[in-house]
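Here's the structure, in structure tokens; my notes come after.
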Amino acid sequence: MPRPAIDLFQKTFGTIPGAAASAPGRVNLIGEHTDYNGGPVLPIAIAERTTAAVGPGAGDAEGVLEAVSTRYPTVVRVRWQEELPQGWAAYVAGVLRELWTLDALPPRGNLRIAVASDVPVGAGLSSSAALAVSAAKAIATLVGAKLTPRQIAGVAFRAEHDHVGVRCGVMDQTIASLAKRDHALLFECASLEAEQIPFAAPLLLVDTGVKHDLSTGALNERHAECQEAVKRLKLELPELAWLASWPVEWLPRLKRALPEPLRSRAVHVVSETARTRFAAELLAARKLAQFGKLLYESHESCRRLYACSAPELDTVVAAAKRAGALGARLTGAGWGGAAIVLVRERGTGGKKQVSQAVRSAFRRAYGREPEIREVQSSSGARAEPKLLS
Ligand code: ADP
Ligand code: MG
């Protein structure tokens, strides 16, 4: 069995790690731009994982973190309580600080960590949550702290949100920690309720290769528009805390109350919220064809109302539909990035035929081919004792 995190630990520190754990990347099936509006999302964990190998540091306890990754081979050495390192090791320092806050770590503990991963970075598959969750699980295992998957997700979320300073929701860390193989997780971002929904269907991820920069511009603009919509809708419904909580039966009233573009944005969020909950019901009832139709509807809503698609994504979705795929939509915010395609088990609309159709439509339009991979649903964070033996 290949053990790159363990090998890197031994090569870098000259000792054997005391514990190891892994956590997956994720793909969101439906529920786009609902998370920061207090609505539901429906992600699955994917087979690509990040593994963290950890051990105590050498010498007296003085609160030193030494961190290395196959992606960043220069060892970072930092006193994690006093300073937050630049770059990727900040996620690990944030995890240490949060574990310490929970009394799950001895004071001024030294720690060594080596990380290896096959989750692509910055491709919308949430490599950052895979890193933070695997580190939290590995460190908790090393020190014998009994934390629930929810607590691990919380530690990883606060590490990324409060310490690294990313304005992320809690979806990525939650799915990386709680995922069950062959299940999607219906996760309500306002109440934090989570429900496992059986999911075992062939799914393709098509990466358009168009990079989106979510840190500026469009996403912030959408955040602001949604906040403004809530402010205005409070005049109609004073107890409204989240845009996603607006009752879907009251869409006509919402449309009367808001000017464009707030109206379109809000209609997307409210209808996507209803669609995501309905999609989870259809999945649970194994009604895949109807579930697929909701994926197409979600894409249309993203494209027309939320204006977060891109021509490349529309090309993929249209080609998949023409080829008979059950459903397709952009995933991971949009403005570029990837689309998912739900294909049939075989024949027309199956994996082979849809992949070919998407490739050739894309080549005709853009003179190059997108990267297409099959997504395997996977399990959440786990200790990896076998890697150590
Ligand atoms: P993503 O969509 O992949 O989560 P982010 O920008 O949120 O994109 O997170 C990417 C960041 O997470 C990287 O820049 C790096 O700091 C950190 N990261 C992810 N995976 C690794 C890894 N294997 N080793 C070190 N750092 C990693
Ligand atoms: Mg991330």
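Just to be sure, is THR208 within 17 Å of the chain's Cα centre (by Cα) and of a type in the set (Ser, Thr, Tyr)? Judged against the criteria, THR208 is not a match. Meeting the requirement of 1 or more residues that are over 30 Å from SER298 (Cβ atoms), of a type in the set (Lys, Arg) and free of Cβ contacts under 8 Å to residues at least 24 places away in the same chain, the strands (runs of 3 or more DSSP E) wholly within the range 13-103 are 76-79.
Which residues, taken from the range 155-193, are under 17 Å from PRO43 (Cβ atoms) and part of a helix (DSSP H, G or I)? Answer for the range 155-193, where residues must be under 17 Å from PRO43 (Cβ atoms) and part of a helix (DSSP H, G or I): ALA156, PHE157, GLU160, MET171, ASP172, GLN173, THR174, ILE175, ALA176, SER177, LEU178. In this structure, is GLU374 part of a loop (DSSP other than H, G, I, E, B), surrounded by fewer than 19 Cβ atoms within 10 Å (Cβ to Cβ) and in contact with a helix residue (DSSP H, G or I) (Cβ under 7 Å, 6 or more places away or on another chain)? No. Within 16 Å of ligand 2 (Cβ to nearest atom), in a helix (DSSP H, G or I), of a type outside the set (Lys, Arg) and closer than 30 Å to GLU369 by Cβ - does that describe any residue in the range 198-221? Checked against the condition, which is being within 16 Å of ligand 2 (Cβ to nearest atom), in a helix (DSSP H, G or I), of a type outside the set (Lys, Arg) and closer than 30 Å to GLU369 by Cβ, the range 198-221 yields at least one hit.
Residue-by-condition table, conditions (1) among the charged types (D, E, K, R); (2) farther than 21 Å from GLU48 by Cα:
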| residue | (1), (2) |
| --- | --- |
| ALA320 | no, yes |
| GLY350 | no, yes |
| PHE362 | no, yes |
| ARG373 | yes, no |
| ALA381 | no, no |
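Anything in the range 281-293 that is surrounded by fewer than 22 Cβ atoms within 10 Å (Cβ to Cβ) and in a helix (DSSP H, G or I)? List them, or say none. Answer for the range 281-293, where residues must be surrounded by fewer than 22 Cβ atoms within 10 Å (Cβ to Cβ) and in a helix (DSSP H, G or I): GLU281, LEU282, ALA284, LEU288, ALA289, GLN290, LYS293. Of all the criteria given as (1) without any contact (Cβ under 8 Å) to a residue 60 or more places away in the chain; (2) more than 16 Å from ligand 2 (Cβ to nearest atom), the one not satisfied by PHE157 is (2). Scanning the range 146-168 for residues being small (Gly, Ala, Ser), surrounded by fewer than 24 Cβ atoms within 10 Å (Cβ to Cβ) and at pLDDT 95 or above gives a total of 1.
With respect to LEU186, is the statement that it is touching a Pro at 6+ places or on another chain (Cβ under 8 Å), more than 16 Å from ligand 2 (Cβ to nearest atom), more than 25 Å from ALA339 (Cβ to Cβ) and not assigned by TED's automatic domain parsing to the domain that holds GLY336 true? No, not satisfied.
Going through (1) in contact with a Leu (Cβ under 9 Å, 6 or more places away or on another chain); (2) free of Cβ contacts under 8 Å to residues at least 40 places away in the same chain one by one, GLU260 falls short only on (1). No other residue among SER377, SER309 is under 30 Å from ALA135 (Cβ atoms) and within 20 Å of the chain's Cα centre (by Cα) apart from SER377. Within the range 210-217, can one find any residue that is buried (at least 20 other Cβ atoms within 10 Å of the Cβ), assigned by TED's automatic domain parsing to the domain that holds GLY327, β-branched (Val, Ile, Thr) and out of contact with any strand residue (DSSP E or B) (no Cβ under 6 Å at 6 or more places or on another chain)? No - not one qualifying residue is present in the range 210-217.
Which pairs do you get when a residue that is over 11 Å from SER126 (Cα atoms), found in the range 163-176, comes within reach of a residue that is more than 11 Å from ligand 1 (Cβ to nearest atom) and of a type in the set (Ser, Thr, Tyr), reach meaning Cβ atoms under 7 angstrom, with the pair 6+ apart or on two chains? Every condition considered, the pairs that remain are GLY169/TYR36. Run down GLY31, GLY94, GLY39, GLY25 and say which single residue is on the phi > 0 side of the Ramachandran plot and either outside the structural domain of SER264 (by TED's automatic domain parsing) or at pLDDT 95 or above (or both). The conditions single out GLY31. If you take the residues in the range 106-115 that are more than 7 Å from ligand 1 (Cβ to nearest atom) and modelled with pLDDT of 85 or more, which one is surrounded by the most Cβ atoms within 10 Å (Cβ to Cβ)? Among those residues, the one meeting the criterion is ILE113.
The values are calculated or read from the model by the stated rules, or taken from the named source; none is laboratory data. Everything quoted here is computed from the prediction, not taken from an experiment. Cβ: placed from backbone, ideal geometry, glycine included. Neighbour counts: every protein chain shown.
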